[in-house]
1. Would you mind ranking Ile87, Ile52 by Cβ crowding within 10 Å, fewest neighbours first?
2. Averaging over every viewing direction, what projected area does the convex hull of the Cα atoms of region 35-74 cover, in nm²?
3. Arrange the following residues from fewest to most other Cβ atoms within 10 Å of their Cβ: Arg76, Arg96.
4. Beyond 18 Å, what percent of the Cα pairs of region 45-101 remain?
Amino acid sequence: MQGPLQTSKYLISCDQEEPKLILWDAWGLLLHQSVYEYLLKTPAGSQTRESIYEFVKRSEGFRLADADKLNVMNWRPSSAADAYAMIEECGRRFNRDEHLEACNEDERVQEFLDMVEEVLPPPPPKAEAEEDADVGAGAEPDGGAEAEPDAMQE
């Protein structure tokens with residue numbers, strides 16, 4: 001099962017490889033470094049090989065496809081809405097337990113999210129500049145309400 005481990009292998013290989021600078025490969029080196037730096041800022045950047053193996057082993061009872069496991073490891077859902085957005089046919093997969101007996105879908109999703117929180121390390125903290133960008137350009141700190149002009153006062 002190599003699908004879920006691809007991101008981890010990429011991060012490890014980037015960390016261990018000694019870059020070779022060849023004139024025609026300068027663009028590839030720049031791209032390689034950019035991808036590596038991007039992945040370090042995502043939840044995948046703080047994961048270890050052991051945490052990935054543990055996640056793959058413990059997620060078998062949830063009947064997830066390899067692509068779903070990879071999505072969860074890359075983005076580490078923290079709410080039921082996140083899980084439903086990134087897991088294909090989430091409702092169908094979580095309405096039965098590991099013994100294929102009917103169960104409460106919401107409880108099963110919460111059980112999955114608890115397992116993700118327990119097994120996968122928390123994502124790296126966001127930098128202040130990224131948080132400001134997430135709020136949106138031009139957003140008012142007071143919720144966007146503008147002050148009324150003084151012309152209305154008598």
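1. Values: Ile87 23, Ile52 20.
By the 10 Å Cβ count, ascending: Ile52, Ile87.
2. On the way: hull surface 11.4 nm².
Average of the hull's projected areas for region 35-74 equals 2.9 nm².
3. Numbers: Arg76 23, Arg96 15.
Ascending number of Cβ neighbours within 10 Å: Arg96, Arg76.
4. Details: 517 of 1596 pairs.
Cα-Cα pairs of region 45-101 separated by over 18 Å account for 32 percent.
Every number in this text was worked out from the coordinates using simple rules, so none of it is lab data. For clarity, every value in this text was computed on a predicted model and none was experimentally measured. Backbone-built Cβ (ideal geometry, glycine too); neighbour counts: all protein chains shown.
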